Amino acid sequence: MDFMMHLEQQQQLEPTQAPVERHSHNQWNPYVDNGGTSLIISGKDFVLVASDARQSVGYNINTRYDPKAFELSNKTVLATSVCSADAKRLCEDLEQRAQVYFHKHERQIGTQALAQQLSNTLYSRRMFPYYVFPLLGGIDAEGKGAAYAYDAIGNMERVPYKAFGSAAALVQPFLDSQVGMMNQRGAEGERLLSREEALRVTIDSFTSATERDIYTGDWLDIFIIDAAGVHKETRELKHD
């Protein structure tokens, strides 16, 4: 009896706690990671842009051909990764801005101007950003291959080569070795690849990535941009 009275007194002395709202982990999320990998390699007078075509969520493959690289002009290609819906919306946004530029200046927008426009577009959405990590490739005003890499809020860097996406951790070290010549005894540093070498490195990168990354595979879209325009080819990758 004394114990019950003591317990009641303790409960009266303890402050009443407000109920805590428990949140479920299955909340709605505006973003989704659809996987896939993109890379870019710049050369002396060309730039190569490539991406796979698999679109998936978790262990489910939504479609085996959903392009992640888009031709914005006859000298510029945009490659994306992560969220497929945001990538398509970003591409539409850039195409509209390129059309406005054309009607205003009566000429196509150049690669460097489009690269800055992409940075501005991403930064303008920084409060609710596009969930993409773009790579932009084209020919600059001097006729050289230009490759640009971005984060989701528009930070831009001109790079000799870069890989983004679900297999980037596998592809980027390979590019560092074969293109950047990093950590190699006797190597003279970064080198400019020929078109044939860039194509071979790209195919080898994706072939090995599909063996280890379940979100990369099915088809490979390769764009080579030079002074003559954009040349596209599609190759088959691993389907499982």
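Observations
- Number of the condition not met by Tyr59 [criteria: (1) touching a residue at least 60 places away in the same chain (Cβ under 8 Å); (2) in contact with a strand residue (DSSP E or B) (Cβ under 7 Å, 6 or more places away or on another chain); (3) surrounded by fewer than 19 Cβ atoms within 10 Å (Cβ to Cβ)]: (2)
- Take the conditions (1) under 26 Å from Val57 (Cβ atoms); (2) modelled with pLDDT of 95 or more; (3) open to solvent by 50 Å² or more (accessible area, probe 1.4 Å); Lys232 misses just one of them, which is (1).
- Any pair with Cβ under 8 angstrom, 6 or more apart, that starts in the stretch 121-144 at a residue that is without any contact (Cβ under 8 Å) to a residue 60 or more places away in the chain and ends at one that is open to solvent by 80 Å² or more (accessible area, probe 1.4 Å): Thr121/Arg97; Tyr130/Arg89; Asp140/Gln112; Ala141/Gln112
- Counted residues, the stretch 95-143 - those being among the basic types (Lys, Arg) and in contact with a Cys (Cβ under 7 Å, 6 or more places away or on another chain): 0
- Among the residues making up the stretch 174-189, those that are open to solvent by 50 Å² or more (accessible area, probe 1.4 Å) and either touching a Cys at 6+ places or on another chain (Cβ under 7 Å) or within 20 Å of Ser205 (Cα to Cα) (or both) are Phe174, Gln178, Met182, Asn183, Gln184.
- Filtering the stretch 68-96 to residues that are in a loop (DSSP other than H, G, I, E, B) and under 20 Å from Ala152 (Cβ atoms) leaves Lys68, Thr80, Ser81, Cys83.
The values are calculated or read from the model by the stated rules, or taken from the named source; none is laboratory data. In this text the structure is predicted, and so the values were computed from the model without any measurement. Every residue, glycine as well, gets a Cβ built from its backbone with ideal geometry; the counts of neighbours run over all protein chains shown. Side chains included, ligands, DNA and RNA excluded: accessible areas come from the protein's heavy atoms. Shrake-Rupley method; radii C 1.70, N 1.55, O 1.52, S 1.80 Å.
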